[in-house]
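Below: one structure, written as structure tokens.
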Amino acid sequence: MTASDLTSAFQRRFGEVPSLLLRAPGRINLIGEHTDYNDGLVLPAAIDKEIRFGLRLNGTDRIRLVALDFDATYEVAVADIAPIPDGHWANYQLGVVAGLQQRGATVPGFDCAFGGDIPGGAGLSSSAAVECGVAWGLNHLLKLGLDTMTLAQISQMAEHEYAKVMCGLMDQFASMFGRAGHVVELDCRSLEYAYFPFNTDACRIVLCNSGVKHALADSEYNTRREECAKGVAILQKRNSSIKSLRDATLPEIDAAQAELGEVIAKRCRYVVEENQRVQDLTARLVAGKPLEQVGELLYASHAGLRDLYQVSCSELDVLEAMAHHAPGAYGARMMGGGFGGCTLNLVATDKVGEFVEFMTKGYQDQLGLKLETYVTNLADGVGELINN
Ligand code: GAF
């Protein structure tokens with residue numbers, strides 16, 4: 001949707017042109033899965049799939065929302081906002097308004113039309129993009145002066161309180177802080193971050209969309225958070241300096257195996273190992289190590305997510321297993337919360353075409369399913385929509 005299409009659509013719906021056009025991207029995550037809510041490390045990037053928004057203060061006390069992609073509207077008085085049951089799409093926007101109000105902002109009525117090309121259910125964080133776009137846009141229009149990290153945190157709280165998913169900060173951080181051509185490592189405890197250039201001359205990040213999203217994704221996500229919290233409570237009894245799994249070591253988990261029980265011990269082990277893999281991967285990138293050595297960390301991450309954290313599913317496992325034999329593939333793993341969505345594949349730039357062909361045919365042959373693939377470009381985070 002071009003800026004002029006968006007402007008026309010906005011004008012048709014609301015009778016005025018928008019006073020602000022902006023864009024908010026989806027994200028990939030190179031490595032560091034389910035580590036964000038454990039005070040750990042993540043290595044995401046914003047991508048060239050985004051949601052675009054037209055926004056305008058409307059001089060009333062009502063919020064009017066239009067979802068252009070699925071031709072739906074929602075209207076509510078600002079004073080009456082509350083979470084809407086059954087996963088309603090407007091929860092993301094309303095949750096952000098509530099978050100701004102909690103920070104002391106007075107939010108007047110506004111009009112918002114939005115749409116984009118982030119495939120839904122693919123694990124590319126279209127919901128975070130919606131939250132971040134609305135948070136950034138209202139901060140801009142209302143001159144609230146909130147810093148970008150605070151806007152990311154408000155967006156995360158919208159997810160918790162309105163969408164009822166107890167996510168970490170990674171998705172909202174990536175959508176806000178992405179930088180073209182870079183991945184960005186975030187320390188979810190200190191909130192310090194560092195950009196690493198990602199050179200596409202040698203390899204590309206290719207996403208393979210399994211096309212499935214199993215219904216248990218959200219409930220299992222919240223369960224994993226609780227399991228990690230239980231693990232911390234048990235480990236803390238032996239070592240009071242453990243405040244989160246970020247502080248735990250593998251020998252400590254081994255020593256507490258009996259108290260932790262098999263399942264919680266597996267969850268803890270995975271998180272500790274995944275944090276180490278993030279550090280190893282950035283070290284290897286910086287040292288310019290062969291891409292095989294970067295890719296093997298992706299395969300190891302997938303094995304941990306499948307066997308220890310148990311958030312994969314058969315479709316993702318088939319895609320990851322196929323990648324081991326695919327032309328040009330250095331590494332692959334499931335990405336995001338799990339139970340569906342995409343695998344992330346690191347693929348030699350000159351082999352991307354062959355890789356895509358191999359994976360598409362294999363997925364059809366093995367599961368009878370159609371594979372969508374996206375060769376990603378790493379993009380800037382949320383901002384005003386200036387061109388096209
Ligand atoms: C989802 C969540 F929203 C993130 O916060 C993160 O935990 C991710 O799953 C798993 O790494 O995308």
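Values in this text are rule-based calculations from the coordinates and carry no lab data. The structure presented is a predicted model; accordingly, all values stated were derived computationally and were not measured. All Cβ positions, glycine included, derive from the backbone under ideal geometry; neighbour counts span all protein chains shown.
General remarks:
- The set of residues from the range 158-197 being in contact with a helix residue (DSSP H, G or I) (Cβ under 7 Å, 6 or more places away or on another chain), of a type in the set (A, V, I, L, M) and under 27 Å from V97 (Cα atoms) comprises A158, A163, V165, M166, L169, M170, M176, L186, L191.
- Scanning the range 209-221 for residues that are surrounded by fewer than 21 Cβ atoms within 10 Å (Cβ to Cβ) and part of a strand (DSSP E or B) yields G211, V212, K213.
- Whichever residue in the range 134-159 is surrounded by fewer than 18 Cβ atoms within 10 Å (Cβ to Cβ) and either free of Cβ contacts under 8 Å to residues at least 12 places away in the same chain or among the polar types (S, T, N, Q) (or both) and, among such residues, is farthest from the ligand (Cβ to nearest atom): K143
- Picking from residues in the range 36-62 that are away from the ligand (no atom under 16 Å from the Cβ) and out of contact with any Pro (no Cβ under 9 Å at 6 or more places or on another chain), the one that is farthest from V278 (Cα to Cα) is R62.
- Condition broken by Y330, with the remaining ones in (1) touching a helix residue (DSSP H, G or I) at 6+ places or on another chain (Cβ under 7 Å); (2) part of a helix (DSSP H, G or I) satisfied: (2)
- Residue selected from the range 80-96 under the condition out of contact with any Gly (no Cβ under 9 Å at 6 or more places or on another chain) and outside any helix (DSSP H, G or I), by the criterion surrounded by the fewest Cβ atoms within 10 Å (Cβ to Cβ): D86
- Cβ-Cβ under 6 Å pairs, at least 6 apart or on other chains, the range 167-195 side more than 22 Å from V134 (Cβ to Cβ), far side of a type outside the set (S, T, N, Q) and near the ligand (Cβ under 9 Å from one of its atoms): C188/D36; C188/L169
- Number of residues in the range 338-374 that are crowded, with 23+ Cβ neighbours inside 10 Å, aromatic (F, W, Y) and outside any helix (DSSP H, G or I) equals 1.
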